[in-house]
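Step one of this worksheet: look at the structure below.
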Amino acid sequence: MVQFLCMDLSKIKDPPGDAHGRADAETDHGPHARMNILAHDAVLSPWFPELKQKAHAREVEFFQTSKKGRSLSQVLETLPDLTPSSVDLSRSAVRIGTPADLEPSVAARLEIALKALKPWRKGPFEIFGIDVDSEWDSSLKWDRLAAHLPSQEGRRVLDIGSSCGYYLFRMAHQKPAMALGIEPYLTYYGQFLGLSRYLALPNVCCLPLGVEDLPEMRWCFDTVLCMGILYHRRSPLDTLHQLHPLLIPGGQLVLETLIVEGDDSTVFFPRTRYAGMRNVFFIPTCACLFNWLARCGFENIRCVNISKTTSREQRKTDWIDTFSLEDVLDKRDPEKTIEGYPAPRRAMVLATACPR
């Protein structure tokens, strides 16, 4: 079974590996080892016991109570034990190992296990020569962000809704003091666990939690990423209010979300679905989003990119079994969704947390 986070802290050890993330064959890749950085971090250690308890409770729910979770646990156990000869976190497709690191029969087993972890929403990855062609080419969003983000070396970074960890791994290349992700959905958290088997990144950790599960942490992070999350929240201002105290005074929020056109008082609320999704609620104009951020204690608010979502960035691949962008746009007018609403446009906004 998947190892849980609830264990004697004396057994937590730093996973050996080199600066490029290559894992030693003796590395303990369990998620409990990843929490070592939280237990000993000068800023986060006061919240470690509560984070550990909540993460353990969620893992019990995932892997013991849930039938789907028990199946996923079995899939993770079928991942072969491999040591990558090299790792490259700087590439658009994060590379773990090479085809020469394993026999063809092992490669076939690995591909079966990886495909059993579908749908792969974020990526892409090249895992021992296997191309995991995710639904989203997340490198495009990363490139938009990286052009405006200062070096994260030595900083504490939080990625909300971190999925399989793609942005955490790209961030790790910049050598942050810590890159912490929170991901409340079983499948995506399982993908992170699977990838982590082959990566020795002691400064990267992911907890199976949502933002609402975090304790009342204050002044903990230099950078908080909240990308593709806000429009799924029933109360977006409450979410922004919750993010503000997580940042140190002067810390940076990276917010990427759907927007519509209009003035600074306009917010779109779909009647039932938007682009086939029931869990989309408030979509503001960029100017209205600025008002939200200012009301919630942010300053130096600036939009660094607005992009229409295209099939270059989001599309069906062999690594998902669900609908994608092409299925939710009007085939006669791709500028509209199947519901008749404006097609997805996203803004990337940076803002600084005001002291409070």
_region 29-63, subset closer than 16 Å to Leu180 by Cα and basic (Lys, Arg), residue modelled with the lowest pLDDT_ = Arg34
_Positions within region 304-334 being under 21 Å from the mean Cα position of the chain (by Cα), of a type in the set (Lys, Arg) and exposed (fewer than 12 other Cβ atoms within 10 Å of the Cβ), in sequence order_ = Arg312
*Filter region 142-170 down to residues that are under 21 Å from Ala347 (Cβ atoms), part of a helix (DSSP H, G or I) and under 9 Å from the mean Cα position of the chain (by Cα), then give me how many there are.*
2
*Near pairs, Cβ below 8 angstrom, 6+ apart or cross-chain, from region 319-344 (touching a residue at least 60 places away in the same chain (Cβ under 8 Å) and farther than 27 Å from Thr285 by Cβ) to any residue that is among the charged types (D, E, K, R) and part of a loop (DSSP other than H, G, I, E, B)*: Trp319/Lys118; Trp319/Asp133; Trp319/Glu135; Ile320/Lys118; Ile320/Arg121; Ile320/Glu135; Asp321/Lys118
*With Cys205, Cys164 as the choices, which residue is under 23 Å from Leu110 (Cβ atoms), in contact with a Lys or Arg (Cβ under 7 Å, 6 or more places away or on another chain) and of a type outside the set (Asp, Glu)?*
Cys164
*Arg91 fails exactly one of the following numbered conditions: (1) assigned to a loop (DSSP other than H, G, I, E, B); (2) touching a Phe, Trp or Tyr at 6+ places or on another chain (Cβ under 6 Å); (3) within 22 Å of Gly154 (Cα to Cα). What is the number of that condition?*
(2)
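Per-residue answers, yes or no, for (1) touching a strand residue (DSSP E or B) at 6+ places or on another chain (Cβ under 8 Å); (2) at negative phi:
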residue	(1), (2)
Cys288	yes, yes
Asn300	yes, no
Lys308	yes, yes
Ser311	no, yes
Phe323	no, yes
Asp327	no, yes
*Out of all the residues in region 171-194, which are in contact (Cβ under 8 Å) with a residue 60 or more places away in the chain, under 11 Å from the mean Cα position of the chain (by Cα) and surrounded by fewer than 24 Cβ atoms within 10 Å (Cβ to Cβ)?*
Pro184, Tyr188
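Those residues that are of a type in the set (Ser, Thr, Tyr) and under 20 Å from Asn203 (Cα atoms), I need them from region 44-84; list them, please.
Selection gives Ser45, Thr83.
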*Please enumerate the residues belonging to region 279-314 that are small (Gly, Ala, Ser) and either assigned to a helix (DSSP H, G or I) or touching a residue at least 40 places away in the same chain (Cβ under 8 Å) (or both).*
Ala287, Ala294, Gly297, Ser307
*Looking at region 102-121, is at least one residue charged (D, E, K, R) and either buried (at least 19 other Cβ atoms within 10 Å of the Cβ) or within 23 Å of Glu212 (Cα to Cα) (or both)?*
yes
_Which count do you get for residues in region 77-92 that are surrounded by fewer than 18 Cβ atoms within 10 Å (Cβ to Cβ) and either touching a strand residue (DSSP E or B) at 6+ places or on another chain (Cβ under 9 Å) or aromatic (Phe, Trp, Tyr) (or both)?_
4
*What single numbered condition from (1) at pLDDT 95 or above; (2) closer than 19 Å to Gly165 by Cβ; (3) over 21 Å from the mean Cα position of the chain (by Cα); (4) of a type in the set (D, E, K, R) fails to hold for Glu103?*
(2)
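Can you tell me which residues in region 171-182 are in contact with a strand residue (DSSP E or B) (Cβ under 6 Å, 6 or more places away or on another chain) and either in a loop (DSSP other than H, G, I, E, B) or more than 16 Å from Ile248 (Cα to Cα) (or both)?
Met171, Ala172, Pro176, Ala177, Gly181, Ile182
Which residue out of Asp327, Asp333 is part of a loop (DSSP other than H, G, I, E, B) and among the charged types (D, E, K, R)?
Going through Asp327, Asp333 in turn, just one is part of a loop (DSSP other than H, G, I, E, B) and among the charged types (D, E, K, R): Asp333.
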*Can you give me the number of residues within region 236-278 that are within 18 Å of Ser307 (Cβ to Cβ), outside any strand (DSSP E or B) and within 21 Å of the chain's Cα centre (by Cα)?*
1
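The values are calculated or read from the model by the stated rules, or taken from the named source; none is laboratory data. Note that the structure is predicted; figures quoted are calculated from it, not measured. Quick reminder, even Gly has a Cβ in these numbers, built from the backbone with ideal geometry, and neighbours come from all protein chains shown.
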